[in-house]
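Chemist: Have a look at this one.
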Amino acid sequence: MSRVNHAQIKKLISQKRKTIRDNSLFVSAAMTAHLEDIVAAQTKRYDFSRRIRVKIVWQPKNLKLLAVTNDDLVLINAGNPIITKHKSRPERYMFIMGLLTHELGHILFTDFVMMQTYILKFQAGNWYPEAPKLSMPTEKDYETELWNYLQQDDKKKQALVMMAHDIFNCLEDGYVESRMLYRYSGKLGMALNFIRDIQKEECPDLTQMLLEEKNGQRHTWHTIMQLILSYVLWGELNYGVEPLTDERVQMVFSLLPELDCAITEHDAKARWRAVNTILIRCWPYIKDYLQNTKDDQQDSEQQDGNSNFLSQLTGSSQKGTGTSKPVDEPDDSSSTQPSNVKSRQTTAKLAAGQQNSANNSPASADEDGYSQAGSMNADVDTETSIDSGSQGDDNNAPGPESTTNVEPVEESKAREVVSKEGGRIPLKETEIAEFPSGPETLQYDSEYMGSGYASAAADIERVVEQMAEKSVHQQLEKERTMELNVVANGISYGDIHSGVPKIVKRIASVSEETKAEYKQIAPSLLKISKRLQQSILQQLQERRRGGKMVNLYSGRKLYVHALPRNDGRIFLKKKLPNEMPEIAVGLLLDESGSMSWGDRASYARATAVILYDFCRSLDIPIMIYGHTALDEVSLYSYAEFDDIDGDDKYRLMDISARDNNRDGAALIFTMNQLAKRSEEVRLLILVSDGQPNHNAYYGTAAEDDLRSIKKQCERKKITLLAAAIGDDKKNIERIYGNSFMDITDLEKLPDKLTQAIKRHLSA
């Protein structure tokens, strides 16, 4: 078999890289492993005990599936048009990373247990964790209507429960994203901000949504929920060219204290309290929405679409139902300050301004502190309430019957300009501009490193390289197996083995599970290998240095320092520097069924791991085969002299007890492979627990065949060692004579074999 051409392999890998498309890249095992490693590394700070699994699928027609988690697995549809509409691969990767970050936020911070508790209690007609505070008489009527609706039939109950769940998901999205951005400012944070920016840009403004309402494409409740989502995610409302007095905007303004509490408090009860308040305060809109979609709900497919309208509008992920509580905070903080705090403060100022405007109007506050128009009390310090995370229980809801306030002159002029410009720049409320002062107005950020695309491209290149390597290596390993089988069937085994098929088996691609098994058992075994290496390295250094042999009885040179002793040992001899002889090792393991007794197969596997590491560390070529026989002679190629994919050490984990053994055929094959080596010393080690036994191949005939093979080894200048590890030692010694090694103590098997290699290195 020809030597491995590593330059050709690199060329093949380079060619393969160019053929990898997104539909194979993102669903590959390499990408999955890459994402799982990132998640595992990031969850260490929370002492997360379980490894989060990631699964990427490519389902372009499954528009409902974007990303979902069940608290254990994150499932992402990389083929969703929301992702594939981005043209560049780094952008698609960043989007997937952003979705992964979002779902990881739910796994870490969403209280799934409390979610189940709320749903069970709500289905039974009970508030949890407590009933909402009813500020207005109408809200008491709303509560009565809500419970009556719930109790009418199961479909309505399910629809209302799903409504509460969707509201919670909206608030929870704002909360977990704030937590993730606060905790993860690196790669995960950049990816999450990437999809947040895209969602924000694609989110419709109020003017667009009102037009959709007019055309029957959207319900008013959809619009309110979209505004709520915009606030909890980004801290602002996109009004378009609509006045702030719009009933939808006013409704969201009335909910600001509850929304702020929901997205800042770690306790999930704060979000469920907000859900209860929203259900009551927005009941007229919710009731109308549920009544208008009654017919659609009879169709399950349509019902699913209605129940998940929020995710459809925003492109946010779906969330599965988990069974765990959120992780504990690593510090003493009791709340998280969202990254959108500045935008939220601006929105609060606008809301407060609307309150003041309303309270200065003829419709002033009544004796109860509420305006006749239903606007919020001007005495409430809205900004203070937001900053402190209070629920704002003293605020009331304006309701759909709110009156319109007079638009300020400046705002009116601005909208007039926008109108004359053809609406190409929609007016959007922003913070009040502050004039610069002082020489420090200009600021430079010389450390800005970009938005994360460079990192994304590097990650992709790394994964693509891994995929290309794996594909090329797998193909080359398959070709190698075919070549080995050609070689195996081209050898003359003698009459005794004629008619018996020979087949070489080799794992083309090592699984991650197999690698994990190796990593679990290897550390203790590799320590033994390193100890054995140290002893031989010292010997090697002495041979390379050379030196003097002194105190000799004869020689050509006198050792003057020994003359005073007058003992005759007065000569010295100079030792020339000497390298260790080149050596190649072949290890053949008996994998007959009897190897299962007394953990012989386990010891053989451990020996193979130690011997392989020992030889590879000292640059000694080594091949390791196992053999068994049933219908044919099976030769298991675990390690070849030339390692293509670097995974031969993992293949050793497949060593096990199997069927019968036909030692002669296996020895002939490995002998011929070893004979092709050019090394000065070629050592073939057979580890067996008994005599051959397979289809008339046993007894005297088998022994004679093995003695003949031993002589062939001698003619080919191959040293054969037969290590007997079973109860059949006497018979094996009779067969192999001076090549016999008695391994009574299996624990000493690695040491004995390694010592045998060392003896030949010292020769």
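Chemist: Quick check on Asp689: is it buried (at least 20 other Cβ atoms within 10 Å of the Cβ), in contact (Cβ under 8 Å) with a residue 60 or more places away in the chain and out of contact with any His (no Cβ under 6 Å at 6 or more places or on another chain)?
Modeler: yes
Chemist: Go through the stretch 25-128 and tell me which helices (runs of 4 or more DSSP H), entirely inside it, have 2 or more residues that are over 18 Å from Leu192 (Cβ atoms), among the charged types (D, E, K, R) and outside the structural domain of Gly189 (by TED's automatic domain parsing).
Modeler: So the answer is none; nothing clears 2.
Chemist: I need a count of the residues in the stretch 722-753 that are at pLDDT 85 or above and either within 22 Å of Tyr698 (Cβ to Cβ) or touching a strand residue (DSSP E or B) at 6+ places or on another chain (Cβ under 8 Å) (or both).
Modeler: Adding up the residues that qualify gives 21.
Chemist: Quick check on this structure: which one of Leu108, Leu150 is at pLDDT below 95 and within 22 Å of Leu171 (Cα to Cα)?
Modeler: Working: Leu150 fails: within 22 Å of Leu171 (Cα to Cα).
So the residue among Leu108, Leu150 that is at pLDDT below 95 and within 22 Å of Leu171 (Cα to Cα) is Leu108.
Chemist: Working only within the stretch 610-623, note down all residues that are out of contact with any Gly (no Cβ under 8 Å at 6 or more places or on another chain) and aliphatic (A, V, I, L, M).
Modeler: Correct list: Ile610, Leu611, Leu618, Ile620.
Chemist: Based on this model, can you work out whether Arg658 counts as in a loop (DSSP other than H, G, I, E, B) and surrounded by 20 or more Cβ atoms within 10 Å (Cβ to Cβ)?
Modeler: Taking the combined requirement at face value, the residue satisfies it.
Chemist: Are there any pairs with C-beta distances below 7 angstrom linking a residue in the stretch 13-27 that is more than 11 Å from Ile56 (Cβ to Cβ) to a residue that is hydroxyl-bearing (Ser, Thr, Tyr) and in a helix (DSSP H, G or I), with the two at least 6 apart or on different chains, and if so which?
Modeler: As it stands, the answer is Lys16/Ser471, since those pairs meet every condition given.
Chemist: Counting only residues that are touching a helix residue (DSSP H, G or I) at 6+ places or on another chain (Cβ under 6 Å) and hydroxyl-bearing (Ser, Thr, Tyr), which one in the stretch 111-141 is surrounded by the fewest Cβ atoms within 10 Å (Cβ to Cβ)?
Modeler: So, considering only residues that are touching a helix residue (DSSP H, G or I) at 6+ places or on another chain (Cβ under 6 Å) and hydroxyl-bearing (Ser, Thr, Tyr), the one surrounded by the fewest Cβ atoms within 10 Å (Cβ to Cβ) is Tyr128.
Chemist: Mind listing whichever residues of the stretch 700-721 are in contact with a strand residue (DSSP E or B) (Cβ under 9 Å, 6 or more places away or on another chain), in a helix (DSSP H, G or I) and exposed (fewer than 13 other Cβ atoms within 10 Å of the Cβ)? Outline the logic, then answer.
Modeler: Going residue by residue through the stretch 700-721, those that are in contact with a strand residue (DSSP E or B) (Cβ under 9 Å, 6 or more places away or on another chain) are 702, 705-706, 709-710, 713-714, 716-721.
Checking the rest, the ones that are also in a helix (DSSP H, G or I) come to 702, 705-706, 709-710, 713-714.
Matches in the stretch 700-721: Glu714 only.
Chemist: Are there any strands (runs of 3 or more DSSP E) wholly within the stretch 565-653 with 1 or more residues that are of a type in the set (Ser, Thr, Tyr) and closer than 15 Å to Leu683 by Cα, and if so which?
Modeler: 622-629
Chemist: Same structure again: Looking at (1) crowded, with 17+ Cβ neighbours inside 10 Å; (2) touching a Ser or Thr at 6+ places or on another chain (Cβ under 8 Å); (3) over 23 Å from Thr293 (Cα atoms), can you tell me which one Asp166 breaks?
Modeler: Just one mismatch for Asp166, condition (3).
Chemist: Quick check on the stretch 222-281: of everything there that is polar (S, T, N, Q), out of contact with any Asp or Glu (no Cβ under 6 Å at 6 or more places or on another chain) and buried (at least 22 other Cβ atoms within 10 Å of the Cβ), which residue is farthest from Met209 (Cα to Cα)? Spell out the reasoning first.
Modeler: Filtering the stretch 222-281 down to residues polar (S, T, N, Q) leaves 223, 226, 230, 238, 245, 250, 254, 264, 276-277.
Among the residues that remain, those that are also out of contact with any Asp or Glu (no Cβ under 6 Å at 6 or more places or on another chain) are: 223, 226, 230, 245, 250, 254, 264, 276.
Next cut, buried (at least 22 other Cβ atoms within 10 Å of the Cβ) only: 223, 226, 230, 250, 254, 264, 276.
Details: Thr223: 6, Gln226: 9, Ser230: 13, Gln250: 16, Ser254: 20, Thr264: 28, Asn276: 25 Å.
Among those that are polar (S, T, N, Q), out of contact with any Asp or Glu (no Cβ under 6 Å at 6 or more places or on another chain) and buried (at least 22 other Cβ atoms within 10 Å of the Cβ), it is Thr264.
The values are calculated or read from the model by the stated rules, or taken from the named source; none is laboratory data. This is a predicted model, so every value here is computed, not measured. Virtual Cβ from ideal backbone geometry, glycine too; neighbours counted across all protein chains shown.
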